[in-house]
1. Quote to one decimal, in nm, the extra length available between Lys552 and Leu367 on full extension: 0.36 nm per residue of separation minus the C-alpha distance between them.
2. For the chain, give the magnitude of the charge dipole about the Cα centre (Cβ charges: +1 Lys/Arg, -1 Asp/Glu; no others), in debye to the nearest 20.
3. Work through the residues other than His470 whose Cβ is under 12 Å from its Cβ and net out their charges, Lys, Arg +1 and Asp, Glu -1.
4. Using θ = phi - 60° and the Karplus form 6.51 cos²θ - 1.76 cosθ + 1.60, what ³J(HN,Hα) does each residue of segment 300-308 get, whole Hz, x for Gly and Pro?
5. Calculate, for Ile406 and Cys479, the FRET efficiency according to 1/(1 + (r/R0)^6) with r their C-beta to C-beta distance and R0 30 Å; round to the nearest 0.05.
6. Using 7 Å Cα-to-Cβ label points, what is the Lys51/Leu542 separation (nm, one decimal)?
7. So how far apart, in nm, are the two label points at Gln414 and Asp274 if each is 7 Å from Cα heading toward Cβ?
8. Testing the spin-label approximation: label points 7 Å from Cα along Cα→Cβ at Arg308 and Glu562. State their distance in nm.
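The values are calculated or read from the model by the stated rules, or taken from the named source; none is laboratory data. A quick note: this is a predicted structure, and the numbers were derived from the prediction, not measured. Cβ atoms come from the backbone with ideal geometry, glycine included; neighbour counts cover every protein chain shown. For the accessible areas, the whole protein counts, side chains as well, though only heavy atoms, and no ligand, DNA or RNA atoms are used. Shrake-Rupley method; radii C 1.70, N 1.55, O 1.52, S 1.80 Å.
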Amino acid sequence: MTYLGALVSDVALEFFSENQSDLTDFTLINEKIKKVSGINDFFANQDEATKLLNEIIEKHSIASEPDRREYGDFQTNMDLAHQVAKYSHTKNKEVEFVLEPTCGKGNFLLACISQFKNLKKVVGVEIYKPYVWATKFGILTYYLNNPNTIKPEIDIIHSNAFEFDYSNLAKSTEQFNTLIIGNPPWVTNSELGSIDSKNLPAKSNFKNHKGLDAMTGKGNFDIGEYISFTLLKCFEKHKGIFAFLIKNSVVKNLIYDQKRNQIRMSKSEKLNIDAKKEFNVSVSACLFLTHLNTEPDQTCVECDFYNRNYITNFGWYKDKFVYSVQDYDESSIIDGKSIFVWRSGVKHDCSKVMELDQINGHFKNALGEEVILEKDLTYGLLKSSDLKYDRTNSFRKLTIITQQKIGQDTTYIQNKFPLTYEYLNSHKAFFDKRKSSIYKDKPRFSIFGIGKYSFATYKVAISGLYKSTHFTLVIPKDCKPIMLDDTCYFIGFDDLKTAEIAHYLANSELVQKFLKSIIFSDSKRSINKDTLMRIDFEEAFLAADFEKAKEKIEDLEIHHWETFGKLVNERVAEQMTLF
Ligand SMILES: C[S@@+](CC[C@H](N)C(=O)[O-])C[C@H]1O[C@@H](n2cnc3c(N)ncnc32)[C@H](O)[C@@H]1O
(Lines give C-alpha, C1' and ligand atoms only; values in the text may rest on other atoms or scores of the structure.)
Protein backbone atom coordinates (compact mmCIF):
# COMPACT_ATOMS: atom_id res chain seq x y z
CA MET A 1 0.00 0.00 0.00
CA THR A 2 1.21 3.52 -0.67
CA TYR A 3 0.51 6.63 1.32
CA LEU A 4 1.14 10.09 -0.11
CA GLY A 5 3.57 8.55 -2.62
CA ALA A 6 5.49 6.52 -0.05
CA LEU A 7 5.41 2.75 0.17
CA VAL A 8 4.08 1.53 3.49
CA SER A 9 5.75 -1.72 4.56
CA ASP A 10 3.64 -4.62 5.75
CA VAL A 11 4.98 -4.28 9.29
CA ALA A 12 4.14 -0.57 9.35
CA LEU A 13 0.73 -1.24 7.85
CA GLU A 14 0.04 -3.83 10.49
CA PHE A 15 1.09 -1.37 13.18
CA PHE A 16 -1.31 1.24 11.88
CA SER A 17 -4.11 -1.30 11.46
CA GLU A 18 -3.64 -2.40 15.04
CA ASN A 19 -3.67 1.17 16.27
CA GLN A 20 -6.35 2.23 13.83
CA SER A 21 -8.58 3.82 16.46
CA ASP A 22 -5.74 6.11 17.56
CA LEU A 23 -5.55 7.57 14.06
CA THR A 24 -8.72 9.49 14.86
CA ASP A 25 -6.58 11.57 17.24
CA PHE A 26 -3.19 12.36 15.71
CA THR A 27 -1.68 13.24 19.07
CA LEU A 28 -2.44 9.72 20.33
CA ILE A 29 -0.93 7.97 17.31
CA ASN A 30 2.07 10.32 17.43
CA GLU A 31 2.64 9.31 21.02
CA LYS A 32 2.56 5.61 20.09
CA ILE A 33 4.92 6.14 17.16
CA LYS A 34 7.33 8.05 19.35
CA LYS A 35 7.26 5.17 21.81
CA VAL A 36 8.13 2.51 19.23
CA SER A 37 10.51 4.51 17.04
CA GLY A 38 11.57 7.74 18.71
CA ILE A 39 10.21 9.84 15.81
CA ASN A 40 8.66 13.10 16.98
CA ASP A 41 5.42 14.50 15.47
CA PHE A 42 5.03 11.80 12.82
CA PHE A 43 1.81 13.44 11.66
CA ALA A 44 1.81 17.21 11.56
CA ASN A 45 -1.97 17.46 11.81
CA GLN A 46 -5.21 15.48 11.97
CA ASP A 47 -5.70 15.65 8.20
CA GLU A 48 -2.56 13.64 7.59
CA ALA A 49 -3.62 10.98 10.10
CA THR A 50 -7.18 10.82 8.73
CA LYS A 51 -5.84 10.33 5.20
CA LEU A 52 -3.92 7.26 6.30
CA LEU A 53 -6.90 6.01 8.30
CA ASN A 54 -9.07 6.20 5.16
CA GLU A 55 -6.47 4.31 3.11
CA ILE A 56 -6.35 1.57 5.74
CA ILE A 57 -10.11 1.34 5.95
CA GLU A 58 -10.36 1.06 2.18
CA LYS A 59 -7.64 -1.50 1.74
CA HIS A 60 -7.21 -3.46 4.92
CA SER A 61 -9.50 -2.73 7.77
CA ILE A 62 -12.07 -5.21 8.90
CA ALA A 63 -14.50 -2.32 8.58
CA SER A 64 -14.16 -2.63 4.82
CA GLU A 65 -15.31 -6.24 5.02
CA PRO A 66 -19.00 -6.91 4.66
CA ASP A 67 -20.88 -5.72 7.75
CA ARG A 68 -19.39 -7.74 10.59
CA ARG A 69 -21.68 -6.39 13.29
CA GLU A 70 -23.44 -9.69 13.57
CA TYR A 71 -20.14 -11.38 14.49
CA GLY A 72 -19.58 -9.14 17.52
CA ASP A 73 -16.12 -8.62 16.10
CA PHE A 74 -13.72 -6.99 18.57
CA GLN A 75 -10.28 -8.49 18.08
CA THR A 76 -8.15 -8.60 21.22
CA ASN A 77 -4.93 -6.67 20.83
CA MET A 78 -1.72 -8.66 21.20
CA ASP A 79 -0.66 -6.90 24.36
CA LEU A 80 -3.90 -7.69 26.17
CA ALA A 81 -3.85 -11.26 24.86
CA HIS A 82 -0.36 -11.66 26.34
CA GLN A 83 -1.44 -10.17 29.66
CA VAL A 84 -4.41 -12.54 29.86
CA ALA A 85 -2.26 -15.55 28.94
CA LYS A 86 0.31 -14.48 31.54
CA TYR A 87 -2.32 -14.11 34.24
CA SER A 88 -3.83 -17.48 33.32
CA HIS A 89 -0.33 -18.93 33.62
CA THR A 90 -0.06 -17.69 37.21
CA LYS A 91 -3.23 -19.67 37.95
CA ASN A 92 -2.23 -22.85 36.13
CA LYS A 93 1.26 -23.46 34.79
CA GLU A 94 0.56 -27.01 33.68
CA VAL A 95 -1.80 -26.29 30.79
CA GLU A 96 -1.50 -28.91 28.04
CA PHE A 97 -4.56 -28.15 25.94
CA VAL A 98 -5.76 -24.71 24.80
CA LEU A 99 -9.13 -24.19 23.18
CA GLU A 100 -10.38 -20.90 21.77
CA PRO A 101 -13.95 -21.23 20.49
CA THR A 102 -14.07 -18.02 18.38
CA CYS A 103 -10.39 -17.40 17.79
CA GLY A 104 -10.58 -14.49 15.31
CA LYS A 105 -7.09 -13.55 14.11
CA GLY A 106 -5.58 -15.83 16.73
CA ASN A 107 -3.87 -13.41 19.11
CA PHE A 108 -4.90 -15.43 22.17
CA LEU A 109 -3.63 -18.65 20.61
CA LEU A 110 -0.31 -17.00 19.79
CA ALA A 111 -0.03 -15.60 23.32
CA CYS A 112 -0.74 -19.03 24.80
CA ILE A 113 1.72 -20.79 22.52
CA SER A 114 4.48 -18.49 23.70
CA GLN A 115 3.37 -18.58 27.36
CA PHE A 116 2.67 -22.24 28.13
CA LYS A 117 5.59 -24.62 27.84
CA ASN A 118 3.76 -27.94 28.22
CA LEU A 119 1.29 -27.59 25.38
CA LYS A 120 0.27 -30.78 23.60
CA LYS A 121 -2.82 -29.63 21.75
CA VAL A 122 -4.25 -26.32 20.52
CA VAL A 123 -7.67 -25.87 18.92
CA GLY A 124 -9.12 -22.67 17.49
CA VAL A 125 -12.55 -22.31 15.90
CA GLU A 126 -13.55 -19.30 13.78
CA ILE A 127 -16.44 -18.62 11.43
CA TYR A 128 -14.71 -16.01 9.25
CA LYS A 129 -12.36 -17.52 6.69
CA PRO A 130 -9.90 -14.59 6.41
CA TYR A 131 -9.37 -14.81 10.19
CA VAL A 132 -8.75 -18.52 9.95
CA TRP A 133 -5.98 -17.71 7.49
CA ALA A 134 -4.69 -14.87 9.65
CA THR A 135 -4.45 -17.27 12.60
CA LYS A 136 -2.70 -19.94 10.56
CA PHE A 137 -0.17 -17.47 9.07
CA GLY A 138 0.36 -15.91 12.49
CA ILE A 139 1.17 -19.23 14.10
CA LEU A 140 3.36 -20.27 11.15
CA THR A 141 5.33 -17.02 11.43
CA TYR A 142 5.77 -17.57 15.16
CA TYR A 143 7.31 -20.97 14.66
CA LEU A 144 9.47 -19.79 11.74
CA ASN A 145 10.87 -17.14 14.06
CA ASN A 146 11.10 -19.53 17.04
CA PRO A 147 12.08 -22.82 15.46
CA ASN A 148 13.21 -24.43 18.70
CA THR A 149 9.97 -24.07 20.64
CA ILE A 150 8.05 -27.27 21.29
CA LYS A 151 5.22 -27.81 18.86
CA PRO A 152 1.83 -29.01 20.00
CA GLU A 153 -0.70 -30.48 17.61
CA ILE A 154 -2.65 -27.49 16.27
CA ASP A 155 -6.10 -27.41 14.61
CA ILE A 156 -7.50 -24.13 13.33
CA ILE A 157 -11.01 -25.02 12.30
CA HIS A 158 -13.23 -23.01 9.99
CA SER A 159 -16.58 -23.63 11.62
CA ASN A 160 -19.57 -22.11 13.29
CA ALA A 161 -19.10 -22.17 17.06
CA PHE A 162 -22.82 -22.90 17.45
CA GLU A 163 -22.55 -26.07 15.37
CA PHE A 164 -19.15 -27.29 16.47
CA ASP A 165 -19.20 -30.54 18.44
CA TYR A 166 -17.60 -29.47 21.73
CA SER A 167 -18.81 -32.57 23.59
CA ASN A 168 -16.81 -34.74 21.28
CA LEU A 169 -13.75 -32.52 21.67
CA ALA A 170 -14.22 -32.57 25.45
CA LYS A 171 -14.25 -36.38 25.40
CA SER A 172 -11.10 -36.67 23.30
CA THR A 173 -9.20 -34.18 25.48
CA GLU A 174 -10.37 -35.18 28.96
CA GLN A 175 -6.87 -36.31 29.96
CA PHE A 176 -5.40 -32.85 29.34
CA ASN A 177 -4.90 -30.05 31.77
CA THR A 178 -7.04 -27.49 29.96
CA LEU A 179 -7.27 -23.76 29.32
CA ILE A 180 -10.36 -22.47 27.58
CA ILE A 181 -9.53 -18.95 26.59
CA GLY A 182 -10.98 -16.27 24.38
CA ASN A 183 -13.24 -13.43 23.69
CA PRO A 184 -16.61 -14.54 22.34
CA PRO A 185 -18.75 -12.16 20.22
CA TRP A 186 -20.10 -9.15 22.10
CA VAL A 187 -23.63 -9.09 20.86
CA THR A 188 -27.08 -10.10 22.10
CA ASN A 189 -29.57 -12.25 20.26
CA SER A 190 -32.03 -9.36 20.11
CA GLU A 191 -29.38 -7.10 18.48
CA LEU A 192 -28.85 -9.90 15.97
CA GLY A 193 -32.61 -10.16 15.48
CA SER A 194 -32.76 -6.45 14.68
CA ILE A 195 -30.26 -6.85 11.81
CA ASP A 196 -31.89 -10.09 10.70
CA SER A 197 -28.77 -12.11 11.44
CA LYS A 198 -28.62 -15.88 11.40
CA ASN A 199 -25.53 -15.95 13.60
CA LEU A 200 -27.43 -17.54 16.47
CA PRO A 201 -27.54 -20.89 18.17
CA ALA A 202 -30.38 -23.17 17.08
CA LYS A 203 -33.38 -22.50 19.37
CA SER A 204 -31.91 -22.33 22.78
CA ASN A 205 -33.51 -22.29 26.16
CA PHE A 206 -30.28 -22.49 28.08
CA LYS A 207 -31.53 -19.81 30.43
CA ASN A 208 -34.66 -21.79 31.24
CA HIS A 209 -37.02 -19.09 30.08
CA LYS A 210 -40.67 -19.70 30.69
CA GLY A 211 -43.73 -19.30 28.50
CA LEU A 212 -43.59 -17.77 25.05
CA ASP A 213 -39.91 -16.88 25.28
CA ALA A 214 -39.08 -20.52 25.93
CA MET A 215 -41.22 -21.70 23.05
CA THR A 216 -39.65 -19.34 20.56
CA GLY A 217 -36.16 -19.54 22.09
CA LYS A 218 -36.25 -15.76 22.03
CA GLY A 219 -35.51 -14.79 25.62
CA ASN A 220 -32.86 -12.10 25.34
CA PHE A 221 -29.34 -13.33 26.01
CA ASP A 222 -25.82 -12.44 25.07
CA ILE A 223 -24.11 -14.65 22.51
CA GLY A 224 -21.01 -14.49 24.70
CA GLU A 225 -23.07 -15.80 27.58
CA TYR A 226 -24.35 -18.69 25.48
CA ILE A 227 -20.82 -19.64 24.37
CA SER A 228 -19.44 -19.27 27.91
CA PHE A 229 -22.20 -21.40 29.38
CA THR A 230 -21.89 -24.08 26.68
CA LEU A 231 -18.13 -24.38 27.08
CA LEU A 232 -18.20 -24.29 30.88
CA LYS A 233 -20.77 -27.05 30.87
CA CYS A 234 -18.93 -29.18 28.28
CA PHE A 235 -15.53 -28.87 29.96
CA GLU A 236 -16.57 -28.69 33.63
CA LYS A 237 -15.01 -32.07 34.32
CA HIS A 238 -11.66 -31.09 32.82
CA LYS A 239 -8.86 -30.19 35.15
CA GLY A 240 -7.95 -26.63 34.29
CA ILE A 241 -9.18 -23.07 33.96
CA PHE A 242 -11.49 -20.93 31.88
CA ALA A 243 -10.51 -17.35 30.96
CA PHE A 244 -12.84 -15.25 28.81
CA LEU A 245 -13.06 -11.55 28.07
CA ILE A 246 -16.77 -10.85 28.37
CA LYS A 247 -19.21 -8.13 29.26
CA ASN A 248 -19.70 -7.51 32.97
CA SER A 249 -23.39 -8.29 32.57
CA VAL A 250 -22.50 -11.78 31.30
CA VAL A 251 -20.39 -12.53 34.36
CA LYS A 252 -23.17 -11.32 36.61
CA ASN A 253 -25.62 -13.62 34.83
CA LEU A 254 -23.26 -16.61 34.96
CA ILE A 255 -22.83 -16.19 38.72
CA TYR A 256 -26.52 -15.47 39.21
CA ASP A 257 -27.50 -18.62 37.30
CA GLN A 258 -24.88 -20.66 39.13
CA LYS A 259 -27.38 -21.22 41.94
CA ARG A 260 -29.50 -23.20 39.51
CA ASN A 261 -26.83 -24.48 37.12
CA GLN A 262 -24.26 -25.61 39.68
CA ILE A 263 -21.53 -25.73 37.04
CA ARG A 264 -18.41 -27.40 38.44
CA MET A 265 -16.50 -24.11 38.73
CA SER A 266 -15.21 -22.16 41.69
CA LYS A 267 -12.84 -19.41 42.86
CA SER A 268 -14.18 -17.22 40.06
CA GLU A 269 -12.57 -13.86 39.40
CA LYS A 270 -13.84 -10.85 37.51
CA LEU A 271 -11.00 -8.53 36.50
CA ASN A 272 -12.33 -5.30 35.06
CA ILE A 273 -10.71 -4.04 31.90
CA ASP A 274 -10.93 -0.66 30.18
CA ALA A 275 -12.91 -1.66 27.08
CA LYS A 276 -12.63 1.85 25.65
CA LYS A 277 -8.86 1.63 25.73
CA GLU A 278 -8.62 -2.00 24.62
CA PHE A 279 -11.46 -2.21 22.07
CA ASN A 280 -12.59 1.38 21.58
CA VAL A 281 -16.10 0.50 22.72
CA SER A 282 -18.15 1.89 25.56
CA VAL A 283 -19.05 -1.37 27.25
CA SER A 284 -18.24 -2.55 30.76
CA ALA A 285 -16.18 -5.67 30.27
CA CYS A 286 -13.76 -7.87 32.13
CA LEU A 287 -11.67 -10.99 32.19
CA PHE A 288 -13.68 -13.76 33.79
CA LEU A 289 -11.44 -16.47 35.15
CA THR A 290 -12.66 -19.58 36.91
CA HIS A 291 -11.35 -23.00 37.93
CA LEU A 292 -12.92 -26.09 36.39
CA ASN A 293 -13.72 -29.47 37.87
CA THR A 294 -14.13 -28.12 41.39
CA GLU A 295 -16.90 -28.13 43.96
CA PRO A 296 -19.28 -25.44 42.59
CA ASP A 297 -19.39 -22.17 44.48
CA GLN A 298 -21.58 -19.14 43.85
CA THR A 299 -19.50 -16.06 44.41
CA CYS A 300 -16.94 -14.12 42.41
CA VAL A 301 -14.11 -11.82 43.47
CA GLU A 302 -13.99 -8.56 41.49
CA CYS A 303 -10.70 -6.70 40.95
CA ASP A 304 -9.09 -4.21 38.61
CA PHE A 305 -7.33 -6.07 35.81
CA TYR A 306 -4.41 -3.67 35.61
CA ASN A 307 -3.44 -3.21 39.26
CA ARG A 308 -5.39 -6.14 40.77
CA ASN A 309 -6.92 -3.83 43.38
CA TYR A 310 -9.73 -5.60 45.17
CA ILE A 311 -13.22 -4.20 44.53
CA THR A 312 -15.73 -6.65 45.97
CA ASN A 313 -16.82 -10.25 46.32
CA PHE A 314 -20.30 -10.66 44.84
CA GLY A 315 -22.73 -13.50 44.33
CA TRP A 316 -25.03 -15.69 46.38
CA TYR A 317 -24.75 -15.33 50.11
CA LYS A 318 -27.29 -16.25 52.78
CA ASP A 319 -29.62 -17.10 49.90
CA LYS A 320 -29.48 -13.56 48.51
CA PHE A 321 -27.67 -12.32 45.41
CA VAL A 322 -25.48 -9.52 46.76
CA TYR A 323 -22.88 -7.10 45.44
CA SER A 324 -20.69 -7.31 48.53
CA VAL A 325 -20.65 -10.46 50.62
CA GLN A 326 -18.66 -8.73 53.34
CA ASP A 327 -20.92 -5.68 53.62
CA TYR A 328 -24.02 -7.84 53.46
CA ASP A 329 -22.65 -10.07 56.19
CA GLU A 330 -22.24 -7.02 58.42
CA SER A 331 -25.60 -5.47 57.59
CA SER A 332 -27.99 -8.28 56.64
CA ILE A 333 -29.97 -7.61 59.81
CA ILE A 334 -31.44 -4.63 57.93
CA ASP A 335 -32.69 -6.88 55.12
CA GLY A 336 -36.41 -7.09 55.88
CA LYS A 337 -39.53 -5.16 55.06
CA SER A 338 -39.89 -1.42 55.34
CA ILE A 339 -42.74 -0.39 57.59
CA PHE A 340 -43.00 2.82 55.58
CA VAL A 341 -44.21 2.49 52.01
CA TRP A 342 -41.73 3.88 49.49
CA ARG A 343 -43.41 5.76 46.66
CA SER A 344 -42.20 7.23 43.43
CA GLY A 345 -42.91 10.86 42.64
CA VAL A 346 -45.33 12.60 40.32
CA LYS A 347 -45.49 11.62 36.67
CA HIS A 348 -47.07 13.82 34.02
CA ASP A 349 -45.10 13.25 30.76
CA CYS A 350 -45.80 16.83 29.83
CA SER A 351 -42.84 18.81 31.10
CA LYS A 352 -43.16 21.60 28.54
CA VAL A 353 -46.45 22.65 30.10
CA MET A 354 -46.35 21.17 33.58
CA GLU A 355 -42.93 22.31 34.71
CA LEU A 356 -42.57 25.97 35.50
CA ASP A 357 -39.84 28.35 36.54
CA GLN A 358 -40.67 31.17 38.90
CA ILE A 359 -39.31 34.52 37.74
CA ASN A 360 -40.17 37.72 39.61
CA GLY A 361 -43.42 36.31 40.93
CA HIS A 362 -44.40 35.07 37.49
CA PHE A 363 -44.33 31.58 36.11
CA LYS A 364 -42.57 30.68 32.89
CA ASN A 365 -43.05 27.32 31.18
CA ALA A 366 -40.52 25.34 29.12
CA LEU A 367 -41.99 26.83 25.95
CA GLY A 368 -40.73 30.17 27.18
CA GLU A 369 -44.22 31.53 27.79
CA GLU A 370 -45.06 33.77 30.74
CA VAL A 371 -47.88 32.14 32.60
CA ILE A 372 -50.36 33.53 35.13
CA LEU A 373 -51.85 30.98 37.49
CA GLU A 374 -53.51 30.81 40.89
CA LYS A 375 -50.89 29.55 43.35
CA ASP A 376 -53.18 26.85 44.78
CA LEU A 377 -52.34 24.03 42.41
CA THR A 378 -48.66 24.87 41.96
CA TYR A 379 -46.14 23.07 44.09
CA GLY A 380 -42.36 23.13 44.31
CA LEU A 381 -40.85 20.19 42.44
CA LEU A 382 -37.59 18.37 43.07
CA LYS A 383 -35.88 16.14 40.53
CA SER A 384 -33.17 13.54 41.07
CA SER A 385 -30.45 16.11 40.45
CA ASP A 386 -31.90 18.31 43.24
CA LEU A 387 -31.40 15.64 45.88
CA LYS A 388 -27.73 16.40 46.47
CA TYR A 389 -28.24 17.98 49.87
CA ASP A 390 -28.87 16.48 53.27
CA ARG A 391 -31.88 18.67 53.84
CA THR A 392 -33.70 21.05 51.54
CA ASN A 393 -36.71 23.33 51.26
CA SER A 394 -35.75 25.07 48.06
CA PHE A 395 -36.61 24.15 44.50
CA ARG A 396 -35.78 25.33 41.00
CA LYS A 397 -39.00 24.20 39.35
CA LEU A 398 -42.68 24.12 40.14
CA THR A 399 -45.36 21.83 38.86
CA ILE A 400 -49.13 21.87 38.61
CA ILE A 401 -50.85 19.21 40.66
CA THR A 402 -54.17 18.69 38.96
CA GLN A 403 -55.39 15.77 41.07
CA GLN A 404 -55.20 14.63 44.67
CA LYS A 405 -55.44 10.98 43.70
CA ILE A 406 -55.21 8.93 40.52
CA GLY A 407 -58.27 9.22 38.30
CA GLN A 408 -59.83 12.14 40.21
CA ASP A 409 -62.24 14.20 38.12
CA THR A 410 -60.52 17.41 37.01
CA THR A 411 -63.56 19.47 36.05
CA TYR A 412 -63.34 21.27 39.41
CA ILE A 413 -60.34 23.22 38.09
CA GLN A 414 -62.49 25.25 35.70
CA ASN A 415 -64.68 26.70 38.46
CA LYS A 416 -62.21 26.97 41.27
CA PHE A 417 -59.05 27.97 39.43
CA PRO A 418 -60.04 29.63 36.16
CA LEU A 419 -56.54 30.91 35.33
CA THR A 420 -55.03 27.48 35.79
CA TYR A 421 -57.83 25.95 33.76
CA GLU A 422 -57.34 28.48 31.00
CA TYR A 423 -53.62 27.69 30.87
CA LEU A 424 -54.08 23.91 30.88
CA ASN A 425 -56.89 24.02 28.36
CA SER A 426 -54.99 26.24 25.95
CA HIS A 427 -52.18 23.63 26.02
CA LYS A 428 -54.55 20.70 25.78
CA ALA A 429 -52.77 19.40 22.67
CA PHE A 430 -49.63 18.67 24.71
CA PHE A 431 -51.64 16.47 27.06
CA ASP A 432 -53.41 14.71 24.19
CA LYS A 433 -50.06 13.90 22.60
CA ARG A 434 -48.92 11.84 25.59
CA LYS A 435 -48.18 8.37 24.29
CA SER A 436 -48.35 6.25 27.42
CA SER A 437 -51.50 4.15 27.64
CA ILE A 438 -51.87 5.07 31.32
CA TYR A 439 -53.43 8.39 30.24
CA LYS A 440 -55.96 6.77 27.92
CA ASP A 441 -59.60 7.35 28.93
CA LYS A 442 -58.49 9.28 32.00
CA PRO A 443 -59.79 12.73 33.04
CA ARG A 444 -58.17 15.64 31.21
CA PHE A 445 -54.79 16.81 32.52
CA SER A 446 -54.39 13.59 34.51
CA ILE A 447 -51.18 12.90 36.38
CA PHE A 448 -49.81 9.74 37.98
CA GLY A 449 -47.81 8.89 41.07
CA ILE A 450 -50.23 10.97 43.11
CA GLY A 451 -52.10 10.16 46.29
CA LYS A 452 -52.52 11.27 49.87
CA TYR A 453 -48.86 10.41 50.42
CA SER A 454 -47.78 13.07 47.88
CA PHE A 455 -49.07 15.78 50.22
CA ALA A 456 -47.16 14.55 53.27
CA THR A 457 -45.49 17.56 54.82
CA TYR A 458 -42.01 16.05 55.22
CA LYS A 459 -40.34 13.57 52.93
CA VAL A 460 -37.25 11.40 53.07
CA ALA A 461 -36.24 11.15 49.42
CA ILE A 462 -33.66 9.52 47.20
CA SER A 463 -32.84 9.68 43.51
CA GLY A 464 -33.60 6.59 41.48
CA LEU A 465 -31.32 7.74 38.68
CA TYR A 466 -27.98 7.95 40.40
CA LYS A 467 -25.81 5.50 42.27
CA SER A 468 -25.72 7.60 45.44
CA THR A 469 -27.53 6.00 48.37
CA HIS A 470 -27.78 9.30 50.26
CA PHE A 471 -31.24 10.39 51.43
CA THR A 472 -32.41 13.99 51.52
CA LEU A 473 -34.90 15.38 54.01
CA VAL A 474 -37.40 17.53 52.12
CA ILE A 475 -39.21 20.08 54.25
CA PRO A 476 -42.08 22.35 53.20
CA LYS A 477 -41.69 25.85 51.85
CA ASP A 478 -44.20 28.48 52.94
CA CYS A 479 -46.23 25.74 54.66
CA LYS A 480 -46.65 23.88 51.36
CA PRO A 481 -45.25 20.39 50.82
CA ILE A 482 -42.72 19.98 48.03
CA MET A 483 -43.34 17.36 45.36
CA LEU A 484 -40.82 14.96 43.82
CA ASP A 485 -40.75 13.87 40.22
CA ASP A 486 -41.04 10.28 39.05
CA THR A 487 -37.28 9.71 39.04
CA CYS A 488 -37.29 9.95 42.85
CA TYR A 489 -38.54 7.72 45.65
CA PHE A 490 -39.68 8.88 49.05
CA ILE A 491 -41.48 8.11 52.29
CA GLY A 492 -43.72 10.82 53.72
CA PHE A 493 -44.39 12.07 57.27
CA ASP A 494 -46.55 14.72 58.85
CA ASP A 495 -44.34 15.13 61.88
CA LEU A 496 -40.89 16.70 61.58
CA LYS A 497 -39.17 14.69 64.33
CA THR A 498 -40.43 11.38 62.91
CA ALA A 499 -39.17 12.39 59.47
CA GLU A 500 -35.82 13.50 60.93
CA ILE A 501 -35.33 10.19 62.71
CA ALA A 502 -36.27 8.17 59.60
CA HIS A 503 -33.85 10.34 57.59
CA TYR A 504 -31.12 9.83 60.20
CA LEU A 505 -31.62 6.06 60.16
CA ALA A 506 -31.74 5.82 56.35
CA ASN A 507 -28.37 7.58 56.22
CA SER A 508 -26.93 5.58 59.13
CA GLU A 509 -23.77 3.57 58.50
CA LEU A 510 -25.62 0.28 58.84
CA VAL A 511 -28.42 1.07 56.36
CA GLN A 512 -25.93 2.60 53.93
CA LYS A 513 -23.76 -0.50 54.17
CA PHE A 514 -26.79 -2.69 53.56
CA LEU A 515 -27.86 -0.70 50.47
CA LYS A 516 -24.35 -0.73 49.05
CA SER A 517 -24.14 -4.47 49.65
CA ILE A 518 -27.18 -5.22 47.51
CA ILE A 519 -26.84 -2.59 44.78
CA PHE A 520 -24.73 -3.60 41.79
CA SER A 521 -22.75 -0.60 40.68
CA ASP A 522 -23.25 -1.32 36.97
CA SER A 523 -26.97 -2.02 36.92
CA LYS A 524 -29.40 0.61 35.73
CA ARG A 525 -32.01 2.03 38.10
CA SER A 526 -30.80 -0.18 40.90
CA ILE A 527 -32.30 2.14 43.51
CA ASN A 528 -35.94 1.28 43.13
CA LYS A 529 -38.99 0.55 45.21
CA ASP A 530 -38.09 -3.14 45.68
CA THR A 531 -34.64 -2.27 47.01
CA LEU A 532 -35.94 0.44 49.34
CA MET A 533 -38.77 -1.70 50.64
CA ARG A 534 -36.12 -4.08 52.00
CA ILE A 535 -34.96 -1.51 54.61
CA ASP A 536 -36.14 -2.75 57.99
CA PHE A 537 -36.52 0.46 60.00
CA GLU A 538 -37.17 -1.43 63.19
CA GLU A 539 -33.76 -3.12 63.01
CA ALA A 540 -32.12 0.14 61.95
CA PHE A 541 -33.72 1.82 64.98
CA LEU A 542 -32.67 -0.94 67.39
CA ALA A 543 -29.09 -0.70 66.14
CA ALA A 544 -29.02 3.10 66.49
CA ASP A 545 -28.13 5.13 69.54
CA PHE A 546 -30.22 7.98 70.89
CA GLU A 547 -27.20 9.99 72.11
CA LYS A 548 -25.56 9.80 68.71
CA ALA A 549 -28.82 10.69 66.96
CA LYS A 550 -29.07 13.74 69.23
CA GLU A 551 -25.80 15.02 67.85
CA LYS A 552 -27.33 15.08 64.38
CA ILE A 553 -30.94 15.99 65.03
CA GLU A 554 -31.57 19.35 66.61
CA ASP A 555 -33.85 19.40 69.69
CA LEU A 556 -34.31 15.64 69.62
CA GLU A 557 -35.83 14.43 72.87
CA ILE A 558 -36.16 10.95 74.25
CA HIS A 559 -39.94 10.94 73.81
CA HIS A 560 -39.51 11.58 70.06
CA TRP A 561 -37.11 8.67 69.91
CA GLU A 562 -39.40 6.36 71.88
CA THR A 563 -42.44 7.30 69.82
CA PHE A 564 -40.53 6.44 66.68
CA GLY A 565 -39.48 3.13 68.26
CA LYS A 566 -43.11 2.26 68.84
CA LEU A 567 -44.04 3.29 65.31
CA VAL A 568 -41.54 0.95 63.72
CA ASN A 569 -42.06 -1.89 66.15
CA GLU A 570 -43.73 -4.40 63.91
CA ARG A 571 -45.86 -6.05 66.57
CA VAL A 572 -47.18 -2.77 67.89
CA ALA A 573 -47.69 -1.49 64.36
CA GLU A 574 -49.66 -4.61 63.46
CA GLN A 575 -51.91 -4.14 66.49
CA MET A 576 -52.43 -0.53 65.55
CA THR A 577 -53.63 -1.53 62.10
CA LEU A 578 -56.07 -4.00 63.72
CA PHE A 579 -57.99 -1.18 65.35
C1 LIG B 1 -14.94 -10.51 19.97
S2 LIG B 1 -14.18 -11.22 18.54
C3 LIG B 1 -12.83 -11.99 19.30
C4 LIG B 1 -11.84 -12.62 18.41
C5 LIG B 1 -10.71 -13.29 19.13
N6 LIG B 1 -11.20 -14.28 20.04
C7 LIG B 1 -9.90 -12.30 19.88
O8 LIG B 1 -10.00 -12.26 21.09
O9 LIG B 1 -9.20 -11.51 19.25
C10 LIG B 1 -15.32 -12.48 18.19
C11 LIG B 1 -14.92 -13.42 17.10
O12 LIG B 1 -15.94 -14.40 17.00
C13 LIG B 1 -16.12 -14.73 15.65
N14 LIG B 1 -17.45 -15.33 15.53
C15 LIG B 1 -18.62 -14.71 15.54
N16 LIG B 1 -19.63 -15.58 15.43
C17 LIG B 1 -19.04 -16.80 15.36
C18 LIG B 1 -19.56 -18.12 15.22
N19 LIG B 1 -20.85 -18.34 15.15
N20 LIG B 1 -18.69 -19.14 15.20
C21 LIG B 1 -17.35 -18.93 15.28
N22 LIG B 1 -16.80 -17.70 15.39
C23 LIG B 1 -17.65 -16.66 15.43
C24 LIG B 1 -15.96 -13.41 14.95
O25 LIG B 1 -15.66 -13.57 13.58
C26 LIG B 1 -14.81 -12.78 15.73
O27 LIG B 1 -13.58 -13.15 15.18
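1. Length difference between fully extended and current span is 62.3 nm.
2. 960 debye
3. Once positives and negatives cancel, what remains is +3.
4. These are the phi-based 3J(HN,Hα) values: 8, 8, 10, 9, 8, 5, 7, 10, 6 Hz.
5. For Ile406 and Cys479, the calculated efficiency is 0.75.
6. Output for this residue pair reads 7.7 nm.
7. Using points 7 Å along Cα→Cβ, the separation is 6.4 nm.
8. Here the modelled spin labels are 5.8 nm apart.
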